[in-house]
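Student: Please read through the structure below; I'll follow up with questions.
The values are calculated or read from the model by the stated rules, or taken from the named source; none is laboratory data. The structure presented is a predicted model; accordingly, all values stated were derived computationally and were not measured. Virtual Cβ from ideal backbone geometry, glycine too; neighbours counted across all protein chains shown.
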Amino acid sequence: MRAVVNAPGTPDGVEFRDVPEPTPEPHEALIGVRSFSVNRGELTLLARRPDGWRPGQDLAGVVVRPAADGSGPGEGARVVAWADQAGWAQLAPLPSRRLARLQDHVSFQTAATLPVAGMTALRALRLGGALSGARVLVTGAAGGVGRFAVEMAHRQGAEVAALVRDPTRAAGLPEVGAREVLTDLDGVAEPFDLVLESVGGEVLNRALQLVARGGTVVSFGNSSRQESRVGFGQWGAPGSRLIQFFVYESGEPPTFEADLALLAQWTADGQLHAQIGLHDDWSAIKPALDALRDRRVNGKLALDVTAP
Ligand SMILES: NC(=O)c1ccc[n+]([C@@H]2O[C@H](COP(=O)([O-])OP(=O)(O)OC[C@H]3O[C@@H](n4cnc5c(N)ncnc54)[C@H](OP(=O)(O)O)[C@@H]3O)[C@@H](O)[C@H]2O)c1
């Protein structure tokens, strides 16, 4: 079968290669991949991993062969899935607990945007507890995780402020629930009960000043690659907390399946909207990765897997 393989040192950095068809474990289904999405973190992995490494976390497709242990959806089921790697391929083996059924009217490319970004937003927001009436700040709000977080927080009754770097990238944020779109935090006076923070540097410094008494700052990224200062005198209010969040370490592994199902259901119901900034065939993976790397994709990148 064909797969995208890391090829450092080559002009494109990745190559299509023929690789052996996967042999699933008894708890794994074999998925015929129809679309996959690319997360920014995967660009970092590509740069660090050796030749031959197989990328690919977010995918959607059809069950070609159900898990031999009887778990998970049956043959022909449409599914959304979260792989550890090797998902940018025609076939991928996935544990049943990393799969959820996909409703017929949700496209594969939309579904493929959900796993890592949607789960990160969902689980990071849970750290803020009940959000009805809460003031929530989402930084990096025009990004993949940020957009989902804005909409989910709004759906839960929060008053959401969205911090973006570039206002031209903010299109659609008010429509999914941002009460205000900010380009800096200088003029903000009223504190936030919850901050979902992924920009780092000065933005994290400022978030600590702006968190309310007893409030929470969830730090889950550092897009700016700048360092922050954290000290006792830094905090704007007593009793607030800073939590470092990593989605792979969040919750119990069995809940991946339940949360994937929740993300798919919300999407099917029109409560969650994936913004796809670039959709193409996987044969265009090189320019697509370049566009993502150069920040020319406003929203998620989705690629369809077709015959070579
Ligand atoms: N902890 C976890 O488990 C976890 C899971 C997923 C992602 N992450 C991390 O979370 C972050 C967001 O992920 P993502 O997939 O949403 O990435 P993304 O789509 O690239 O979104 C990042 C957003 O941050 C903005 N941004 C970048 N640099 C900035 C700067 N210096 N100042 C202000 N804004 C800046 C970008 O603005 P533009 O739109 O103008 O480019 C973009 O809208 C990344 O750092 C990623 O590695 C962590």
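Student: Criterion first (surrounded by fewer than 19 Cβ atoms within 10 Å (Cβ to Cβ), of a type in the set (S, T, N, Q) and within 16 Å of the ligand (Cβ to nearest atom)) does THR10 satisfy it?
Tutor: Numbers: surrounded by fewer than 19 Cβ atoms within 10 Å (Cβ to Cβ): yes; of a type in the set (S, T, N, Q): yes; within 16 Å of the ligand (Cβ to nearest atom): no.
Taking the combined requirement at face value, the residue does not satisfy it.
Student: Which residue out of ALA134, ALA170, ALA212, ALA153 is within 11 Å of the ligand (Cβ to nearest atom), of a type outside the set (D, E, K, R) and crowded, with 16+ Cβ neighbours inside 10 Å?
Tutor: Values: ALA134 fails: within 11 Å of the ligand (Cβ to nearest atom); ALA212 fails: within 11 Å of the ligand (Cβ to nearest atom); ALA153 fails: within 11 Å of the ligand (Cβ to nearest atom).
Residue meeting the stated conditions: ALA170.
Student: Same structure again: Which residue, of ALA60, ALA3, ALA67, ALA86, is closer than 19 Å to SER283 by Cβ, modelled with pLDDT of 95 or more and not in a strand (DSSP E or B)?
Tutor: Details: ALA60 fails: not in a strand (DSSP E or B); ALA3 fails: not in a strand (DSSP E or B); ALA67 fails: closer than 19 Å to SER283 by Cβ.
Result: ALA86 is the single residue among ALA60, ALA3, ALA67, ALA86 that is closer than 19 Å to SER283 by Cβ, modelled with pLDDT of 95 or more and not in a strand (DSSP E or B).
Student: When ASP294 is evaluated against the numbered criteria (1) assigned by TED's automatic domain parsing to the domain that holds THR10; (2) touching a strand residue (DSSP E or B) at 6+ places or on another chain (Cβ under 7 Å); (3) not β-branched (Val, Ile, Thr), which criterion, by number, is the only one it fails?
Tutor: (2) is the only condition that ASP294 fails.
Student: Here's another thing I want to ask about it. Consider segment 23-39. How many of its residues are buried (at least 20 other Cβ atoms within 10 Å of the Cβ) and in contact with a helix residue (DSSP H, G or I) (Cβ under 9 Å, 6 or more places away or on another chain)?
Tutor: 9
Student: Which one of these is over 16 Å from the mean Cα position of the chain (by Cα), among the hydrophobic types (A, V, I, L, M, F, W, C) and within 30 Å of LEU185 (Cα to Cα): LEU208, LEU301? Quick ask: steps written out before the conclusion?
Tutor: Details: LEU301 fails: over 16 Å from the mean Cα position of the chain (by Cα).
Only one candidate passes the filter, namely LEU208.
Student: Further question on the same structure: Name the residues in segment 10-38 that are among the hydrophobic types (A, V, I, L, M, F, W, C) and in contact with a Leu (Cβ under 8 Å, 6 or more places away or on another chain), would you? Step through it out loud before you land on a result.
Tutor: First, pick out the residues of segment 10-38 that are among the hydrophobic types (A, V, I, L, M, F, W, C): 14, 16, 19, 29-31, 33, 36, 38.
Of everything in segment 10-38, those that are among the hydrophobic types (A, V, I, L, M, F, W, C) and in contact with a Leu (Cβ under 8 Å, 6 or more places away or on another chain) turn out to be VAL14, ALA29, LEU30, ILE31, VAL33, PHE36, VAL38.
Student: Sticking with this structure for a sec: With respect to the numbered conditions (1) surrounded by 18 or more Cβ atoms within 10 Å (Cβ to Cβ); (2) within 14 Å of the ligand (Cβ to nearest atom), which one is the sole condition not fulfilled by ASN222?
Tutor: So ASN222 meets the others, but not (1).
Student: Starting from segment 103-117, take each residue that is within 12 Å of the ligand (Cβ to nearest atom) and list its partners that are part of a loop (DSSP other than H, G, I, E, B), counting only C-beta distances under 7 angstrom and pairs at least six apart or across chains.
Tutor: THR113/ALA274; PRO115/GLN57; VAL116/ASN39; VAL116/GLN57; ALA117/ASN39
Student: Looking at this structure, is GLY231 assigned by TED's automatic domain parsing to the domain that holds ARG165 and within 15 Å of the ligand (Cβ to nearest atom)?
Tutor: Working: assigned by TED's automatic domain parsing to the domain that holds ARG165: yes; within 15 Å of the ligand (Cβ to nearest atom): no.
Taking the combined requirement at face value, the residue does not satisfy it.
Student: Can you tell which of ARG97, ARG54 is closer than 30 Å to GLY146 by Cβ, assigned to a loop (DSSP other than H, G, I, E, B), assigned by TED's automatic domain parsing to the domain that holds ARG295 and charged (D, E, K, R)?
Tutor: Working: ARG97 fails: assigned to a loop (DSSP other than H, G, I, E, B).
Only one candidate passes the filter, namely ARG54.
Student: Shifting gears a bit: Take ARG123 and decide whether it is within 14 Å of the ligand (Cβ to nearest atom), outside the structural domain of VAL217 (by TED's automatic domain parsing) and either on the phi < 0 side of the Ramachandran plot or not small (Gly, Ala, Ser) (or both). Step through it out loud before you land on a result.
Tutor: Working: within 14 Å of the ligand (Cβ to nearest atom): yes; outside the structural domain of VAL217 (by TED's automatic domain parsing): yes; either on the phi < 0 side of the Ramachandran plot or not small (Gly, Ala, Ser) (or both): yes.
Criteria met by ARG123.
Student: Output yes when any residue across segment 44-66 is buried (at least 19 other Cβ atoms within 10 Å of the Cβ), within 15 Å of the chain's Cα centre (by Cα) and hydroxyl-bearing (Ser, Thr, Tyr), and no when none is.
Tutor: no
A quick yes/no check of all residues on (1) in contact with a strand residue (DSSP E or B) (Cβ under 9 Å, 6 or more places away or on another chain); (2) of a type in the set (S, T, N, Q); (3) within 21 Å of LEU301 (Cα to Cα):
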{"site": "ALA171", "(1), (2), (3)": "no, no, yes"}
{"site": "GLN209", "(1), (2), (3)": "no, yes, no"}
{"site": "THR216", "(1), (2), (3)": "yes, yes, no"}
{"site": "GLY231", "(1), (2), (3)": "no, no, no"}
{"site": "PHE246", "(1), (2), (3)": "no, no, no"}
{"site": "LEU260", "(1), (2), (3)": "yes, no, yes"}
